[in-house]
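A short worksheet on the structure shown next.
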Amino acid sequence: MNNINKIASTTLAIGLAMASWNAQARDFRLGMITPPSHLWTQAAEAFAEDLAERSGGEHSVSVFPSQQLGNEAQMVQQMQAGSLDMAFLTIAEISNRIDDFGALYAPYLVDDVEHAARLLRSDVAGELLELMPAEIGLVGVGYGMSGMRQILSRGAIEAPEDLRGQRLRITPFEPIRDFYLAAGTAPMPLPLPDVYDALANGQVDAIDMDFEAIEALKFYDQAEHLLISNHMMFPMVGVVSGRVWRELSGEDRELIITTMNAHLDGVIDSVLEREPAQEAALRGLDITITEADERFFREAIAQWESTWRERAPALATLREAAAVLRVE
Ligand code: BEZ
């Protein structure tokens, strides 16, 4: 082989090696709606760092918080098209597309965050994730969560009648809308990043929220009455685009599943660890605290169940699993 041929074949070999290396190395984009300071976003950043390290620098993940890539509905569409690789999403948007996920929002399905964690780590909850690839073209890797839902309001809410006519901010999804409609409020769907301004400018009278966000995003500056009701859990899910998934090797899929799940599970552990202190901090503020339980929402729950028992057949199985896990 003369020198020119040698150089040509070496260049070809390098080119082929680069091409195959490039086909495997990826910079994944991961979208989410929570701000950089939120627990979920910190977990996504930690997952990104960990994946880069565990892949020996071959893969990287760029995290886009605060709805930079669009709201959750838009991110789901982007993942279906394959233009977004991954996301950490509330189950809200998934429940808008697969009714059975609405069952996870059944009022008083669980008693507290410990109970929620046990249910989300159960096989029954895991089986729901298996619906996602066929029904919406996403791979559900695992669950995280936020704290239990409470109601923060500008005026006092001390009895079920006080909810009537309240313009109450909800995360945009149907099971929660139905719950608050049944409770007599005028639910107003607003994504998390818009909530502070809506409270500040009087667009809403009350918000459905968890302790962490109430504390971290200082919603209590704009509304001085907290109804501690623990009426719903609030799961999160780590997802990967089905189109992107098909392009990945078995080894890369395994790496993503184990690495992402470790961080999603870490979110659940952090909520368990942090919620008592967050509740104590809110109780220590100069705001009015009222407590409510299932009896407070009795009529709304009955109405909600009559709709969702049929819409989400998984509800019966989840309630059975929750009952078993309640006594464990
Ligand atoms: C919300 O919509 O209330 C919410 C979304 C993500 C994390 C926490 C709360």
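Rule-based calculations on the coordinates, nothing more; no lab input. Please read these numbers as outputs of a predicted model, since none were measured by experiment. Ideal geometry is used to build each Cβ from the backbone, glycine not excepted, and the neighbour counts take in all protein chains shown.
A few notes on this one:
- Matching residues in the range 191-211 - criterion: being buried (at least 19 other Cβ atoms within 10 Å of the Cβ) and either within 19 Å of the chain's Cα centre (by Cα) or of a type in the set (Phe, Trp, Tyr) (or both): Leu192, Val195, Ile207, Asp208, Met209, Asp210, Phe211
- Search result, residues across the range 302-319 that are within 23 Å of the chain's Cα centre (by Cα) and in contact (Cβ under 8 Å) with a residue 12 or more places away in the chain: Trp304, Glu305, Trp308, Arg311, Ala312, Pro313, Ala314, Leu315, Thr317, Leu318, Arg319
- Total residues in the range 142-159, condition of a type outside the set (A, V, I, L, M) and out of contact with any helix residue (DSSP H, G or I) (no Cβ under 6 Å at 6 or more places or on another chain): 7
- Cβ separations smaller than 7 Å between residues 6+ apart or across chains give the following pairs from the range 31-44 residues that are in contact (Cβ under 8 Å) with a residue 60 or more places away in the chain and more than 22 Å from Ser83 (Cα to Cα) to residues that are near the ligand (Cβ under 8 Å from one of its atoms) and in a helix (DSSP H, G or I): Leu39/Glu212.
- Helices (runs of 4 or more DSSP H) lying entirely in the range 205-293 (those with 1 or more residues that are among the polar types (S, T, N, Q)): 250-283
- Residue match in the range 127-141 (condition: more than 16 Å from the ligand (Cβ to nearest atom), in a loop (DSSP other than H, G, I, E, B) and in contact with a helix residue (DSSP H, G or I) (Cβ under 8 Å, 6 or more places away or on another chain)): yes
- Evaluation of Ala103 against the conditions (1) buried (at least 24 other Cβ atoms within 10 Å of the Cβ); (2) in a strand (DSSP E or B) shows that the sole unmet condition is (2).
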